[in-house]
Amino acid sequence: MKDIRSLYLSELKEEMKAIGEPAFRADQIFSWLHEKRVASFDEMTNLSKDLRKKLSENFELIGAKEVTRLTSKIDGTVKFLYGLSDGQIIESVLMEYKHGHSMCVSSQVGCRMGCRFCASTIDGLVRNLTASEILEQIYETERSMGITVSNIVIMGSGEPMDNYDNVIRFIRLVSDEKGKNISARNITLSTCGLVAGIDRLSEEGLPITLALSLHAPNDDLRQTIMPIAKSQKLTDVIVACERYFEKTSRRVTFEYSLISGVNDSASCAEELCSLIHGMNAHVNLIPVNEIKEREYKKAQDSSISKFKNILEKKRINVTIRRSMGTDIDAACGQLRRRYMSSSVL
Ligand code: SAH
């Protein structure tokens with residue numbers, strides 16, 4: 001059966017034709033799926049019972065079922081574990097800011113990029129998520145919390161460029177004016193730096209924010225913490241980011257997780273300044289979230305502020321990211337691992 005929530009409106013029109021329904025039905029159904037964001041065909045009350053039955057015989061509505069959630073006592077951040085139809089489990093995080101609700105979604109079950117500090121990649125890639133499975137992380141959260149998500153970061157488990165087609169489909173669907181209608185400007189895609197993917201993305205005509213997981217100012221150091229750096233040379237990655245800016249006019253964000261004694265020295269900061277000198281970019285410094293499987297430790301506050309000062313002196317736009325939900329394992333795949341390795345949470 002076809003996964004109806006992953007279809008573009010134009011495709012849904014073709015599908016309606018194929019089952020002998022007029023094209024305007026597609027508009028109605030698309031609105032139920034993405035504007036009203038219902039969870040079942042039965043809720044599509046302006047369609048006849050017969051049509052609803054026909055839809056349920058021809059299409060499936062893929063859902064994400066809440067397995068558990070943890071709410072941070074510190075800042076209200078909510079971390080969800082969602083179960084998929086084949087029993088896989090993924091993580092999503094809801095954060096509340098002054099400007100509204102922001103949702104961090106996963107793009108894959110697991111990941112094969114192997115970043116040394118990341119919990120999502122330890123057991124490798126299980127499978128890609130469909131567009132509907134990425135959408136449902138948001139829609140199901142909106143249903144259960146009674147809120148509206150206004151910002152999306154594709155920074156959960158998985159490498160979005162490694163599931164390129166489904167991720168682009170997700171972005172087009174969630175930003176469709178006839179659907180949820182989130183402006184592409186309110187969507188950020190984070191990548192470990194796959195050059196071909198960045199180049200492809202700059203041609204999509206989607207003005208989303210590109211975030212590059214940099215984490216080191218040179219190839220040698222980067223290779224020790226991010227295996228992908230062996231095949232994707234830093235100069236090529238940076239040039240791809242420059243091209244992305246030229247094509248989209250969107251300022252690129254560089255994410256830099258500070259790990260004590262690994263990448264947090266003053267000389268790393270100096271080297272970073274020369275690497276991105278003259279670029280219209282923004283650096284986001286993130287004290288690394290410690291995971292129990294690895295020995296990496298958070299950089300000390302003093303080295304974080306020193307690092308920041310060096311960048312500021314060179315007039316580089318830099319912020320230190322506020323850690324959200326530190327009391328609920330909100331970082332990258334930790335909760336899922338904990339859940340999978342124990343039957344009681
Ligand atoms: N695969 C994509 C998106 C998912 S990871 C990417 O690499 O960008 C989202 C961000 O969290 C990345 O910048 C990643 O490097 C970072 N990250 C992963 N584990 C982390 C940890 N333990 N502490 C701090 N940042 C981490």
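The values are calculated or read from the model by the stated rules, or taken from the named source; none is laboratory data. Everything numeric in this text was worked out from a predicted model, so none of it was measured. Virtual Cβ from ideal backbone geometry, glycine too; neighbours counted across all protein chains shown. Keep in mind that these areas ignore ligands, DNA and RNA; they rest on the heavy atoms of the full protein, side chains included. Shrake-Rupley method; radii C 1.70, N 1.55, O 1.52, S 1.80 Å.
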Rounded to one decimal in nm, the spacing of the 7 Å Cα→Cβ label points at N309 and D176 is 5.3
Cα centre as origin, Lys/Arg/Asp/Glu Cβ charges: segment 97-184 dipole, Debye: 140
Multiplying the sequence separation of E43 and Q300 by 0.36 nm and subtracting their Cα-Cα distance, what value in nm do you get? 87.3 nm
Accessible area of the chain with a 1.4 Å probe: how many percent of it is carbon plus sulfur? 48
Distance between modelled label sites at R251 and K54, nm, 7 Å Cα→Cβ extension: 5.2
Whole-Hz couplings from phi, Karplus 6.51/-1.76/1.60, listed for segment 259-270; x for Gly and Pro: 10, 4, x, 10, 9, 10, 7, 4, 5, 4, 5, 4
Too long for a 19 Å Cα-Cα cut-off, among K178/K247; K2/K79; K230/K308; K36/K180; K98/K314; K98/K180, are K178/K247; K2/K79; K230/K308; K98/K314; K98/K180
Using only Cα atoms, what is the ratio of the radius of gyration of the chain to 2.2 N^0.38 Å? 1.04
Measuring with a 1.4 Å probe in the full set of protein chains, what accessible area per residue, in whole Å², belongs to the chain? 44
Segment 2-60: radius of gyration and largest Cα-Cα distance (Dmax), Å: 10.0, 25
Mean residue ellipticity (222 nm) of the chain, computed from DSSP H runs ≥ 4 via -39,500 (n - 2.57), nearest 500: -10000 deg cm²/dmol
HN-Hα J couplings of segment 313-318 from phi, Karplus 6.51/-1.76/1.60, θ = phi - 60°, integer Hz, Gly and Pro as x? 4, 8, 6, 8, 5, 9
Tell me, in nm to one decimal, what length is gained between Y97 and S183 on full extension, where the rule is 0.36 nm per residue of separation less the Cα-Cα distance? 29.2 nm
Note down the relative contact order for the chain as a percent, whole number, built from C-alpha pairs under 8 angstrom at least six residues apart. 15
